[in-house]
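One structure is given below, encoded as structure tokens.
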Amino acid sequence: MDKVKFFKKILKNGMTVLFEQRKNSGVVSVAFAVRHGGIHEDESEKGISHFIEHMLYKGTKNRTAKQISEDIEKNGGILNGFTEEEITAFWCKMPSRHLDIALDVLSDMILNPVFDENEMNKERLVIFEEMKMRHDVPSIYVTDKIQGLLYSGNLGYDLIGTEKSMNSINREKMQTKFKKVYGSQNLLLCVVGDCEFKPLCEFCEKNFKRSGFKIPESKIILRNEQKIERRNGIDQANLIFAYHAPQALTKQSYVAQVLSCLMVGGMSSRLFQEIREKRNLAYAVKGGYNGAKRYGYNSIFVGTTADKIEIVKRLITEEFAKLKNLDENELNQVKEQLIGNSKISREDSQGQMLDLLYNEIWGDAKKSYEYEKNIEKVKLLNVKNLAKFNKYSFIALIPEINKKKEEE
């Protein structure tokens, strides 16, 4: 922590700049992000944040879509973006000698999008294909749907939207939303790598005029529901078991991460050992903590056979009950696992760039550097208490029973 050179500044235009210096690495990871995502959308406009993300890659007043990708990739970089509930981001990773190109291209996408109507209509079709992909892959489908069984309101709708909501988004609606959301007061620049802080601030002060307003927070409405769906053409049952957990950056959020790691953190985890290794009921047994600024939940995914769903569910609940006998030795092992995994992830400038962004969205980027300390502080009793939840949500997508085959 003491050796890390981290800088943060809120500029006069309201923009936040985050920077971690890594001298002599020869690489920079650069991201522009906005404090807006799926949680800020109601049902009628669901998917608009994700749609805007796609469209910012489709051309600016200065560059075609091809030129955007070429300027990054032909200079040795990689380019991508993502939309989540509380953030939309546009990032690249490239040789540090081309930092000026990274800043120019990414800022051009945000400052000068054209939202060409023909391109918009074509990209809408691309997103429809993405919807089909997410629907047709059972593991992705249940992962998307579990959140709607944990929350009502904005969090309960699929982030990608529906065909109806996507078809309702025209150029005017997109431009209006973009102008409201993508003001400097809601924007962040995060850079990790081999460069200097001052030029980053100067770039943002020069190119971004003060604009925008504070994005209102959506209401979080908790629920717990269980659902089983059947589908033709699949052979495996895919299920997710999930329960509410504390929001990110709270003391209890680190307890939730320890608990999740205990249960599904790799091949040595309790549920992997019980469900796969001991009973051979599944190939995939995994999950994790899903934390955000104002909500959080832990999830467990298992791929099994349809007739073993209730057995798997029972094994999950029984394994949580067994945590009353958890000891300090196992707790310390899991803490070491989480701390080590964090170090590995943050060794890559891209991983650290994302970690800083998330922590800033959740409250304060500096918390990124307190992760190890906060995991070490987790107490045995707190883990045992969090494991005593009595409400959970559950979804399973299982093969449709073929009656003709049964009769044969």
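Where a number appears in this text, it was derived from the coordinates with a stated rule and is not lab data. Here the structure is a predicted model, which means the values were calculated and not measured. Positions of Cβ are generated from backbone atoms using ideal geometry, with glycine treated the same way; all protein chains shown enter the neighbour counts.
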Shape descriptors of the range 5-207 over alpha-carbon atoms, Rg and Dmax in angstrom, are 17.6, 50
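Do you know the relative contact order of the range 224-407, to the nearest whole percent, from alpha carbon pairs under 8 angstrom that are 6+ apart?
Dividing the mean separation by the residue count of the range 224-407 yields 39 percent.
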Relative contact order of the range 177-229 (C-alpha contacts under 8 Å, at least 6 apart) in percent is 54
In degrees, nearest 10, the alpha-carbon axis of helix 328-347 is tilted away from the dominant principal axis of the alpha carbons of the chain by 30
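Hey, got a sec? Which chymotrypsin sites (Phe, Trp or Tyr not before Pro) in the range 201-237 land in a DSSP loop and have at most 15 other Cβ atoms within 10 Å?
F213
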Log10 I(q)/I(0) at q = 0.13, 0.16, 0.19, 0.21 Å⁻¹ for the range 1-119, from Debye over equal alpha-carbon scatterers, is -0.59, -0.86, -1.12, -1.26
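From the C-alpha gyration tensor of the chain, pull out the three semi-axes of the equivalent ellipsoid (sqrt of 5λ each), sorted largest to smallest, in whole Å.
38, 28, 19
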For the range 5-207 the mean separation of alpha carbon contacts under 8 Å (6+ apart) over residue count, i.e. relative contact order in percent, is 40
Computed over the chain: longest principal axis from alpha-carbon atoms vs helix 171-181 long axis, angle to nearest 10 degrees, is 90
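Please list, by residue number, every one of the GluC sites (Glu not before Pro) in the range 118-220 that is coil in DSSP and has at most 12 other beta-carbon atoms within 10 Å.
Sparse-neighbourhood loop GluC sites (Glu not before Pro): E217.
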The distance between the Cα centres of the range 332-363 and the range 150-224, in whole Å, is 23
Placing each pseudo-label 7 Å from Cα in the direction of the beta carbon, A65 and I339 end up separated by a distance in nanometres of 4.8
Of all stretches in the chain that avoid trypsin sites (Lys or Arg not before Pro) placed in a DSSP loop and having at most 14 other Cβ atoms within 10 Å, the longest is 75-208
Low-density loop chymotrypsin sites (Phe, Trp or Tyr not before Pro), the range 254-299, at most 11 other Cβ within 10 Å, DSSP non-H/G/I/E/B, are Y283
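Direction-averaged shadow area of the convex hull around the Cα atoms of the range 178-256, nm²?
11.5
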Rounded to the nearest 10 degrees, the helix 309-321 long axis (Cα) sits at an angle to the longest Cα principal axis of the chain of 80
Largest first and rounded to whole Å, the semi-axes √(5λ) derived from the alpha carbon gyration tensor of the range 224-407 read 32, 19, 15
Over 24 Å (Cα to Cα) among K66/K93; K227/K335; K324/K391; K58/K132; K219/K313 -> K227/K335; K219/K313
On the formula 1/(1 + (r/R0)^6), with r taken between the Cβ atoms of I10 and N374 and R0 of 30 Å, the FRET efficiency rounded to 0.05 is 0.80
